[in-house]
Every structure is written in structure tokens, then in C-alpha cells.
Amino acid sequence: MLPPVKAHTEYFTYRLKKRELLHMTPTLEEELARSGIEEGFMLVSAMHVTAGVFVNADESGLHSDIWKWLEGLAPSGVDYKHHRTGEDNGDAHLKSLLIHHEVIVPITKRRLDLGTWQRVFYAEFDGERSKRVLVKVMGT
Amino acid sequence: MLPPVKAHTEYFTYRLKKRELLHMTPTLEEELARSGIEEGFMLVSAMHVTAGVFVNADESGLHSDIWKWLEGLAPSGVDYKHHRTGEDNGDAHLKSLLIHHEVIVPITKRRLDLGTWQRVFYAEFDGERSKRVLVKVMGT
Amino acid sequence: MLPPVKAHTEYFTYRLKKRELLHMTPTLEEELARSGIEEGFMLVSAMHVTAGVFVNADESGLHSDIWKWLEGLAPSGVDYKHHRTGEDNGDAHLKSLLIHHEVIVPITKRRLDLGTWQRVFYAEFDGERSKRVLVKVMGT
């Protein structure tokens, strides 16, 4: 008989600077081992509306390009209507929409089934306070 | 023994105006209760190529900013090649690609496992006809 | 008793030209049939950091519009810092972030549960070498 499904959930708290990237792949590998799940899906999801999670390469020049690009497409220093609430982070909301707040990582044979250059990053668009990332694995 | 997996699917039909947002979180909470699922993933997916689903804050000023931003990055009033088919909604397709048509919401202990400010929205980029949103929960 | 969960994984290898789209829906339908899964989620995920997977319409004029739009928002011919590594594909990384590298397709009653005009595409932003797309179905 095929095995029944398991779900495993963990929350990670980070306090990063504005426009800081956190490489999460090693943390995700550890959490997968803890889950005991061999086949399934891992959701990595920022629990905030001014942060993002994405998959791309771990190369510092590229990371500089990404920040510059995000600032061009979703600029700070604009008089956003959102700022009438007293906030000043309208650009961080738009950057979060552009990059997205979550990814699904496939799990195959007890491993994150990523390509050679694929790494998972948390991106902080606002910063200077504690924020949470949810990691949930479901599978067998 | 661990419980076997369940899947629960529902389709919601909406007829919205062009550039209207629909806050879906309360509907999703009800549907989750109906599913009886405690641990798993909920997919919220627009079944159309000129609509989007996203997670961000429920703040009207921010929503105005989002619409203005989307119009800047994927403008209407452009002579898109897609319009040679008789359509006039090329911008709605691009806005759909930018925002994306779906999100996964984690389900933990019978609840949508969202952060304090995270809400789920359906975004209509074309409008004036009935459109469907699929909600599918899989878990235990 | 409810059925236990199954997972089914396949890898597809493609060698496409720079800025080529591959319509994957027929391939995904075949792979779903092979999996025997009736209810669940299918992840379609590029295993590369210069490629994307998206859902939109299969219309050639629209596809031209998409490429032009992507080139406008994530242009080639820019002196990206990433190019100091010897690469010349900085724009392909940004296009991948914009379009995203993966989608989840809901599976209902043994079928891809897509709307009338929804099709799944792999987008090659760099090209001229073999690249892999992972398709993983989990469900019952």
C-alpha cells in the first residue's frame, strides 16, 4: 500500500536590513531532513506584504542587478497614496508583488529537486523589524 | 496511522468591472471550513488569461497605487499585435503575467496560515463578463 | 477509506532558441495520464535561472507582445554587473524573475483543470543549450 501523506510546518524569524537578501537553501535542506518527507512539495512563503521569496542564482553581481532593477520598476521616493496611512513603504509592497511572496520547491527522493544553479532567497524590501517565513512540506 | 489525503474543489463565478479588486479571504475561510481539511495547501487560481490573484494588504490607498503601477508597466492604449484578432485587451494579458494568476495558501490547524496583513485578492484586468476562480484544497 | 497519496515526477529536456516559447499543455496532459492521478496538483517548474513557465493564451500576436514587453522591462544590451562573471545573460535572469519559473496546475477528475483559454508555456530567455523542465504531480 502507498504511504499516507505527512505535513510538516516551521516558521523562521529574521530581522534583516532594508534591501537585504537571505540565502535560505541550506536552511530548507535541514528542514526537509527534519520532516522525513521523501516525495512532495515544499512551500516557502513570506508572511509579510513587503517581502518576497524567489529562486535564482547565488551571484553577488546579479543580486546588485536585481536590486537596481526592482528599484527601477517599483521605485521608492514616490508619493504613493498608501503613505497617507503614515507608512512610507509603498515601493516595498509593489516590489513584493513583482517578485512574489512564495515559491514551491519540489521534493524528490528526500532532496530539494532544484536545478544546478537554482537557489532560494528571501528578499526584504522594508526591513528593520522581525519578520517570519513559513516553510511547509507536504508529501510522503 | 497517518490520515489519507483529501482533495476539495470549488469554483466561484464573479462578474466584475474592469480594474476591480475582490477581497477573497473570507470566502476562502468558509471554503476551508467546508473542506474539513486541517493541514495542506489551498490553490487559488483565476481560470482566465486576463485576471490575477495575489496576496497583499487590504488598504484602499495601496490598491490605487497598485492599479496605477500596473497601468504604468503594462499600459492600455497600445497598439498590441494581439488586437489584430479583434480583441482590445492586450494590456490585461500582460497585467495577468505581471501579477500572476494564482497563489498557494498554506493550511495549518484548520486555518489559512497567513501573516497579520496578508489578504488574498482576485484582480480583474478586463471585466464585464462572468469569470471563474478555482479554489482547490489538498491535505489531511 | 480515502486513497493514499501518490507522487509522479518526470523531467523533460529541451534545446530551444533564445526567446522561444514552447507550448507544453499537450505534454502535460500525456504525463498526467501516465501518472494515474485523479485529484491533486501538478507543478511545472523550469530547472534553470534564465527560463520561465507561465499560463496564458496560445495566440501568436500576443506572444510577440509578451516578448516585446519583457524586453522593455528587463532589457538586454545593458552593462549588468552579472556580466563581470563572463556571462552576457543578465536580462534573462531578470526576465525569469518577472515571468517566474513555475506554475501549479490543478488536477480534477483526471484532467488539467484549466480555463478555456489557459495554456502552459515554457519560455527560454537564454537558449542554445539543453535545459530541463520538471513536472511533478502529487495527489490521489
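The values are calculated or read from the model by the stated rules, or taken from the named source; none is laboratory data. Just so we're clear, the structure is a prediction, and the values are computed from it rather than from any experiment. Cβ: placed from backbone, ideal geometry, glycine included. Neighbour counts: every protein chain shown. SASA here: full protein model, heavy atoms, side chains in, ligands and nucleic acids out. Shrake-Rupley method; radii C 1.70, N 1.55, O 1.52, S 1.80 Å.
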Hey, C:T50 hits all of (1) of a type in the set (S, T, Y); (2) under 30 Å from B:G139 (Cα atoms); (3) open to solvent by less than 10 Å² (accessible area, probe 1.4 Å) but one; which does it fall short on? (2)
Step by step: first the residues of segment A:4-40, then only those that are hydroxyl-bearing (S, T, Y) and open to solvent by less than 20 Å² (accessible area, probe 1.4 Å), then the one that is farthest from A:L114 (Cα to Cα). Which residue is that? A:S35
If you go through segment B:61-76, how many residues are of a type in the set (G, A, S) and facing another protein chain (nearest Cβ under 8 Å)? 3
Given (1) facing another protein chain (nearest Cβ under 7 Å); (2) open to solvent by less than 40 Å² (accessible area, probe 1.4 Å); (3) within 18 Å of C:N56 (Cα to Cα), index of the condition B:A57 fails: (3)
Considering each residue of segment B:2-50, count those that are assigned to a loop (DSSP other than H, G, I, E, B) and either facing chain C (nearest Cβ under 10 Å) or in contact with a helix residue (DSSP H, G or I) (Cβ under 7 Å, 6 or more places away or on another chain) (or both), and give that number. 9
Residue under evaluation B:R132, criteria (1) in contact with a Ser or Thr (Cβ under 8 Å, 6 or more places away or on another chain); (2) open to solvent by less than 30 Å² (accessible area, probe 1.4 Å), criterion not met: (2)
Number of positions in segment B:77-129 that are more than 14 Å from chain A (Cβ to nearest Cβ), polar (S, T, N, Q) and in contact (Cβ under 8 Å) with a residue 24 or more places away in the chain: 1
Could you please let me know if B:L43 is within 11 Å of the chain's Cα centre (by Cα), surrounded by 20 or more Cβ atoms within 10 Å (Cβ to Cβ) and hydrophobic (A, V, I, L, M, F, W, C)? yes
